[in-house]
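Each remark here refers to the structure printed beneath this line.
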Amino acid sequence: MYSQGLIGADDKPVEDEAFIAAFQARIDAEEKIEPNDPMPEAYRKTLVRQIGQHAHSEIVGMLPEGNWITRAPTLRRKLALLAKVQDEGGHGLYLYSAAETLGVSREQMTEELLSGRAKYSSIFNYPTPTWADIGAIGWLVDGAAIMNQVPLCRCSFGPYARAMVRVCREESFHQRQGYELMMALAEGSDEQKAMAQDALNRWWWPSLMMFGPHDSDSTNSDQSMEWKIKRFTNDELRQKFVDATVIQAEKIGLTIPDPDLKWNPEKNDGAGGYDFGPIDWNEFWRVVKGGGPMNRDRISARKKAWDEGVWVREAANAFAQKQHQRTEASKVAAE
Amino acid sequence: MSIETTPLWEVFIRSRNGLNHKHVGSLHAADSNLAVQSARDVYTRREEGNSIWVVRSDQIVASDPDRSGENFEPAADKIYRHPSFYDIPDDVGHM
């Protein structure tokens, strides 16, 4: 039950040592935390920020792909893309609802996105100039997102974990349709193959950046691991993604654009894994801070949608009010 | 920007006849018709159900989490309410 009315109605708990220890003990015992349970303010804030960013990413993530819906090359691809973009909208809604259980309103979160105060995944600030980009996004971007999201299904905060279960169930089709699309291009004409390789070249490094800064530079990571919001570190997840993806590229005859990529049998406690080259963190931070090729476009598209939808929201609310008044009036008349 | 908030609704879906409607999540909508329509779009895109209930979140009355001890703990020491509390011979058959 996600009732907003209850949240914040009670007095804030005093966060003494005993309170913090009791909370951590619940986390350590793998108990789920529900919205009305006592929780440290920092835990609440971390979740509001993380779930909000996650929701914004789903919503902004509709834009680069929406760009190609009218130009999909076949009806089959168009249906898949429409369904995928609609799913992303739904994922945004599940996540906003989960954040709202923590006492933040949808309007507040929307305002934070549009004003640029809230962040979203840096990956969506790259353009989608060719059809192969749609394949690369499904395969790599959704692939990276799945790596991140599967462990979030076991996150300590109940509503976030439940939202992620739904998201993950729907997400695997996204990755498969993207990979299939890339495979079709890679098996096509020389030009089509070149288009697929070009998309891989442009999306590979930004996809690795999606996992966030190295563990040694990640400020929020330790506390989030302790609170079992995160189950794996950024670097662990990035390594899993590389190890899973290299073979997928090889299978369809595409080359990962990294000259330093090399199998290392010692990695992953002797199970083997890939060494890979250095990530350009300057680019990452530039894009996060608004300097990516599409940052301005993305926010202005969201602003336009919000502004042009005002009359719809107002009309719906006015209609609801009028209906309510009529029902009340007929009740009085009947008495 | 309009700061008027649109009401929150809780959504319950029955996955098939014979089962209960089960809470699946929530959404914002101006009225009950829009809430049902949005619930259909958001929560049943993959045959998740054949019936939808929506109820305004502010209409739900919940037990007080601060009193969950006094509400629910008394049941914990009443094991005599469970069939396994009673010893009967094995050879009387299933009971």
**Report entry** For the range A:182-194, 3J(HN,Hα) per residue [Karplus equation, 6.51 cos²θ - 1.76 cosθ + 1.60, θ = phi - 60°, Hz, x = Gly/Pro]
**Finding:** 5, 4, 4, 5, 5, 8, x, 5, 4, 5, 5, 5, 5
Query raised in the report: Counting pairs of Cα atoms in the range A:61-190, how many percent are more than 18 Å apart?
Result: 58
Report summary line: Using alpha-carbon positions, the gyration tensor of chain A gives root eigenvalues a ≥ b ≥ c; with a/c under 1.5 called rounded, otherwise prolate if a/b exceeds b/c, else oblate, the class is oblate
Report task. At 0.36 nm per residue, minus the direct Cα-Cα distance, what do A:ASP198 and A:VAL14 gain on full extension? Give it in nm, one decimal, please. Result -> 60.7 nm
Requested in this report: With a Förster radius of 41 Å, plug the Cβ-Cβ distance of A:ASP217 and A:GLN323 into 1/(1 + (r/R0)^6) and report the FRET value to the nearest 0.05.
Outcome: 0.15
**Report entry** Helix axis angle, B:32-43 relative to chain B longest principal axis, alpha carbon, degrees
**Finding:** 70
Report task. Mind pulling the angle between the C-alpha long axis of helix A:310-334 and the longest principal axis of chain A? Nearest 10 degrees, somewhere in 0 to 90. Result -> 30
Requested in this report: Just the Kirkwood number for the range A:157-280, please: inverse of mean 1/r across all distinct Cα pairs, in Å, one decimal.
Outcome: 16.6
Query raised in the report: What are the ³J(HN,Hα) values, in whole Hz, obtained from phi via the Karplus relation 6.51 cos²θ - 1.76 cosθ + 1.60 with θ = phi - 60°, for each residue of the range A:147-156 in sequence order, with x given for Gly and Pro?
Result: 3, 6, 7, 4, x, 5, 4, 9, 4, 5
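Applying a 10 Å radius around every beta-carbon, put A:122-133, B:50-61 in order of their mean neighbour count, most first. Walk me through the intermediate numbers first.
Values: A:122-133: 19.9, B:50-61: 14.8.
By packing density, highest mean first, the sequence is A:122-133, B:50-61.
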Requested in this report: Alpha carbons only, please: Rg and Dmax for chain B, in angstrom.
Outcome: 21.2, 75
Query raised in the report: Hey, how many Å between the Cα centroid of the range A:27-72 and the Cα centroid of the range B:16-50?
Result: 21
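For the cross-link pairs A:LYS32/A:LYS119; A:LYS84/A:LYS304; A:LYS45/B:LYS78; A:LYS304/B:LYS22, which exceed 29 Å when the distance is taken from alpha carbon to alpha carbon? Please report the intermediate quantities before stating the final value.
On the way: A:LYS32/A:LYS119 27 Å; A:LYS84/A:LYS304 22 Å; A:LYS45/B:LYS78 40 Å; A:LYS304/B:LYS22 36 Å.
The pairs that break the limit, which is 29 Å between Cα atoms, are A:LYS45/B:LYS78; A:LYS304/B:LYS22.
Would you mind giving the mean number of other chain beta-carbons within 10 Å of the Cβ of each residue in B:35-46, as a whole number?
Working: counts 0, 0, 0, 1, 0, 0, 4, 8, 4, 0, 5, 5.
Neighbouring Cβ atoms belonging to other protein chains average 2 per residue here.
With a Förster radius of 35 Å, plug the Cβ-Cβ distance of A:LEU79 and A:ALA29 into 1/(1 + (r/R0)^6) and report the FRET value to the nearest 0.05.
Values: r = 46 Å, r/R0 = 1.31.
My answer for the efficiency is 0.15.
Order the peptides B:79-85, A:69-75 from the highest to the lowest mean number of other Cβ atoms within 10 Å of their residues.
Details: B:79-85: 7.6, A:69-75: 11.4.
The peptides rank, most packed first, as A:69-75, B:79-85.
By the scheme Lys and Arg +1, Asp and Glu -1, what is the net charge of all other residues having a beta-carbon under 13 Å from that of A:ALA196? Provide the component values of the computation, followed by the final result.
Values: positive: A:LYS193, A:ARG202, A:LYS251; negative: A:ASP133, A:GLU180, A:GLU187, A:ASP190, A:GLU191, A:ASP198.
Net local charge, A:ALA196 excluded: -3.
What is the mean number of Cβ atoms from other protein chains located within 10 Å of the Cβ atom of each residue in peptide B:20-26, rounded to a whole number?
Working: counts 0, 0, 0, 3, 3, 10, 12.
Neighbouring Cβ atoms belonging to other protein chains average 4 per residue here.
I'd like the FRET efficiency for A:LYS45 and A:TRP306, computed as 1/(1 + (r/R0)^6) with the beta carbon distance as r and R0 of 35 Å, rounded to 0.05.
Numbers: r = 25 Å, r/R0 = 0.71.
With R0 = 35 Å, the Cβ-Cβ based efficiency is 0.90.
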Query raised in the report: If each of A:TRP263 and B:GLU73 carries a label point 7 Å out from its Cα toward its Cβ, how far apart are those two points in nm?
Result: 5.9
Query raised in the report: Which value in nm describes the separation of the simple spin-label points at A:GLU250 and A:ALA316, placed 7 Å from the Cα toward the beta carbon?
Result: 5.0
Report task. Tell me which residues come under 5 Å, amide H to amide H, from A:TYR274 once H is placed; ignore anything under 5 positions away on its chain. Result -> A:ASP243, A:ASN264
Report task. Determine how large the accessible area of A:ARG49 is when every protein chain is in place; take a 1.4 Å probe and give Å² rounded to the nearest 10. Result -> 110
**Report entry** Net charge, B:ILE13 excluded, C-beta distance under 13 Å - Lys, Arg +1, Asp, Glu -1
**Finding:** +3
Report summary line: With B:ARG40 itself left out, Lys, Arg at +1 and Asp, Glu at -1 over residues whose Cβ is under 14 Å from its Cβ give 0
Query raised in the report: Top mean-square fluctuation among A:ALA21, A:ALA29, A:ALA320, Gaussian network model of chain A, C-alpha springs under 10 Å?
Result: A:ALA320
Query raised in the report: To the nearest 500 deg cm²/dmol, what mean residue ellipticity at 222 nm is calculated for the protein assembly as shown from DSSP H runs of n ≥ 4 alone, each contributing -39,500 (n - 2.57), summed and divided by the residues?
Result: -16500 deg cm²/dmol
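Summarise the partner chain shielding of B:27-34 as one whole number: the mean count of Cβ atoms from other chains within 10 Å of each residue's Cβ.
Details: counts 7, 8, 3, 11, 8, 2, 4, 3.
Across the residues of B:27-34, the mean count of other-chain Cβ atoms within 10 Å is 6.
The values are calculated or read from the model by the stated rules, or taken from the named source; none is laboratory data. As the structure is a computational prediction, the values presented were derived from the model and not from experiment. Backbone-built Cβ (ideal geometry, glycine too); neighbour counts: all protein chains shown. When the accessible area is computed, the model is the full protein with side chains, heavy atoms only, and any ligands, DNA or RNA have been set aside. Shrake-Rupley method; radii C 1.70, N 1.55, O 1.52, S 1.80 Å.
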